[in-house]
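Accompanying notes for the structure given below.
Any read-out appearing in this document is the output of simple, stated calculations on the displayed coordinates, not a laboratory observation. Predicted model only: the values in this text are computed from it and were never measured. Cβ atoms come from the backbone with ideal geometry, glycine included; neighbour counts cover every protein chain shown.
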Amino acid sequence: MNFFTCKLPSMDLMRSEKMTFVQLIIPAESAHRAITYLGQLGLLQFRDLNAEKSPFQRTFVNQVKRCAEMSRKLRFLMDQINKAGIMSPSPVLQSDTYLEDIEVHLAEHEHEIIEMNSNSEKLQQSYNELLEFKSVLQKACSFLVSNHGHAVSEERELEENVYSNGDFIETPFLFEQEMMPDPSKSNQSGLRFISGIICKSKLLRFERMLFRATRGNMLFNQAPADEQIMDPISTEMVEKTVFVVFFSGEQARMKILKICEAFGANCYPVPEDISKQRQITQEVSSRLADLEATLDAGIRHRNKALSSVGGHLAKWMDMVRREKAVYDTLNMLNFDVTKKCLVAEGWCPIFARTQIQEALQRATFDSNSQVGVIFHSMDALESPPTYFRTNSFTNPYQEIVDAYGVARYQEANPAVYTTIIFPFLFAVMFGDWGHGICLLLGALVLIAHESKLGNQRLGSFMEMLYGGRYVLLLMSLFSMYCGLIYNEFFSVPFHIFGASAYKCQDISCRDAHTTGLVKYREPYPFGVDPSWRGSRSELPFLNSLKMKMSILFGVVHMNLGIMLSYFNARFFGSSLDIRYQFVPQMIFLNSLFGYLSLLIVVKWCSGSQADLYHIMIYMFLSPLDNLGENELFRGQRPLQVLLLILALIAVPWMLFPKPFILKKLHNERFQGRNYGVLNTSEVDLEAEPDSARQHREEFNFSEVFVHQMIHSIEFVLGSVSNTASYLRLWALSLAHSELSTVFYEKVLLLAWGYDNLIIRLVGLVVFAFATAFILLMMETLSAFLHALRLHWVEFQNKFYHGDGYKFKPFSFAALTEDDN
């Protein structure tokens, strides 16, 4: 076997990049520039050497706080631009700007905008009060009946009138000068009123509370305000209602005032004299016009200031984000004993060593440092991170694998096979070339707008759809291929379009063909004959075909996973895994389900009527009995006995040898023998994928044995359950086909049978919605998830450990807006 495998091509492309652990000793004067250049390169993952320290105990905490404060100011300015509805201006080309200049500019702009906002809020509050007062003057005067003016004197009304917002302008109004209360003339008896304005949503509760507080001894009048007024808190336009409450007595007056305050109602004075009403209304209207002009001028000035700074925000935010990231990285470094150099440790790919050294040399030269950066490799006890170089096509498949678990360092990468197998298994379940064309059009639209969509901020769903555009492309192409194999176009048989190769198309003829009574000289040239459609034997035939096909795909898929476990063991030099895991697993799986696959192929080729269920069941119950009519080829019975014996031998082969061999090797290691052999591929415990490698110093035989027993039982039982799990390929394919047929025959054709345009249109609309939302969206998602399950569980558990961790280098390109 070693002679055969030595001739196989290298698997370097399917393994993560080789990593090296490095140490950097950076002079303090060039540390900032060196980290900046490394961030631009993005190929070095720093190790936190100050993990025991809190963020506030680190060296560059003040610089981080400074960058965080600038980020806060930038977010404030961006929020102000968004609230003002200003279109983002194109970035302004400018010369190199230093962080100190940005800090000064941000402080000036923030102070200016805050001051303008404060002035605008005060003016808006005054404007709202005047607008409310104008509404009260216009509506409340109609409630003041002229004949009540003789019962209560004007002076008493003005004296008892209550208002809460009379000092909203600098120059007193006329009514403020003439309506000051005189205590010497105060009269506590007679009819009084309070006028004001309240939100419409509070009006009903407000009136009910007034009625209960005064025990019904009041008269409440209301009228909607003509204009909506801005809420100063939510800045939304709200509807308000003007009210006038007539009452008698000082106690009722105090209750009404407290209720108005509780409900947020604003009270305003309204004189009964018509001439004074007109004069006050004119003054209020004049002040409103002045305030409106002032507010418009302030808004224009504020928008101009925001527009001037908006062109610089993108670049400033990027600079501050990078600066903060640099200082966060510097906080992960340690000062040496002389306090003149910073010590950094981290991981980098071996191929990037030259690029990193060049970047460090540039940093030394640009910072005019007399001492260069020392860069050298070191040994590390921890496992290296996993790094795969991907592109826009392979990245989504790598993300699918990483969602299950990141590959162990240098472990075989399932994403290489997932790139083809995943969309193919999806297509087996989804196969319909009409629906595949719809998916293809969607994928092509995303790919055609790749450059445009890549620079936009997308929602979570659209971002996921855009990231998987090439996955969607391959899924659609494979769906079209499988649809051609199934001969389904929106699950409509080809012979409707005149594509059948048979000369006999009637149902009786097709049924005769299914029973073997009619023989045709010309087989159907490609895929499933659409003449099966509509026959009584259609469902049994398709069920049998797709079920057997699913088993074949599943056995091949699982064998590929076991083969990859061999390549993993060979790469890590673990001959124990090859001899006592790979070999017995291959024997067990293929003795049972590989043999079943062989029977399926032989039955298809020979046209035999043998019952495969009977053969597999009695292979275990009565292996020595004569097969009779179920015999497919000579020597089948002794072959079955041999395969059954091999399957039974493979179980203890997986279970017992490896734990005892590991125990023997451990004992020899600590008895002083075979020290040289321990570093060879035969007994390198560090390379063992099992839990034994975690107990090199204290070898626990019982734990290793139990672990191996669990692994063996899991494989034996999993071989059965995993093979059955691949039957989902048959189930979902059948479900998609039958759903499509139902919608086509029971909706579209049924509606088309009526000689009524409206019914036909309704049927067409229902069919279109069913196709789009059920067959294209729900069925696509369902097939995607089931294909995902087949890769994660049935395929990857044969070889993939997925207990590594990603390589996350310090890179400016990886920074996001959330890093501010």
The extension gain from residue 563 to residue 389, computed as 0.36 nm times the residue separation minus the Cα-Cα distance, is 60.3 nm
Karplus ³J(HN,Hα) for segment 593-604 (6.51 cos²θ - 1.76 cosθ + 1.60, θ = phi - 60°; Hz, whole; x = Gly/Pro) runs 8, x, 5, 4, 5, 4, 4, 4, 5, 5, 5, 5
Residues meeting the amide H criterion for residue 21 (H placed from the backbone, H to H distance under 5 Å, 5 or more places apart or on another chain) are 378
The ³J(HN,Hα) series, computed from each phi in segment 605-621 with the Karplus coefficients 6.51, -1.76 and 1.60 at θ = phi - 60°, rounded to the nearest Hz and given as x for glycine or proline, is 6, 8, x, 5, 9, 4, 8, 5, 4, 4, 4, 5, 5, 7, 5, 8, 6
Plugging the Cβ-Cβ distance of residue 235 and residue 461 into 1/(1 + (r/R0)^6) at R0 = 25 Å yields, to the nearest 0.05, a FRET efficiency of 0.25
Calc'd 3J(HN,Hα), segment 657-665, phi into Karplus 6.51 cos²θ - 1.76 cosθ + 1.60 (θ = phi - 60°), Hz, glycine/Pro = x, comes to x, 4, x, 5, 5, 5, 5, 5, 5
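State the extension gain, in nm to one decimal, for the chain segment bounded by residue 18 and residue 250, taking 0.36 nm per residue of separation less the distance between their alpha-carbons.
74.5 nm
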Between residue 212 and residue 377, the two model label points (7 Å from Cα along the beta-carbon direction) sit apart by a distance in nm of 8.3
Simple SL model, points at 7 angstrom along Cα→Cβ for residue 782 and residue 806; separation in nm is 3.2
Amide H proximity to residue 335 below 5 Å, modelled H, separation 5+ or other chain, gives 343
Looking only at lysines whose Cα falls under 28 Å of residue 546's and that sit 8 or more positions away or on another chain, we get 503, 519, 603, 746, 798
In this structure, among 65/304; 134/255; 315/452; 73/122; 139/258, pairs with alpha-carbon gaps over 28 Å are 65/304
Segment 253-408 -> Rg/Rh from Cα coords, Kirkwood Rh, value 1.37
Output for segment 387-461: chymotrypsin sites (Phe, Trp or Tyr not before Pro) sitting in coil per DSSP, at most 14 other Cβ within 10 Å, listed by number, reads 393
In nanometres, the difference between 0.36 nm per residue of separation and the alpha-carbon distance of residue 734 and residue 633 is 33.2 nm
The base-10 log of I(q)/I(0) that the Debye equation returns for segment 706-820 at q = 0.11, 0.12, 0.19, 0.21 Å⁻¹, one scatterer per C-alpha, is -0.68, -0.73, -1.01, -1.10
Rounded to 0.05, the calculated FRET efficiency for the beta carbons of residue 83 and residue 226 at R₀ = 35 Å is 0.80
Label model pair residue 294, residue 752: point-to-point distance (7 angstrom along the Cα→beta-carbon line) in nm is 7.3
With R₀ set to 30 angstrom, the calculated FRET efficiency between the beta-carbons of residue 816 and residue 201, to the nearest 0.05, is 0.15
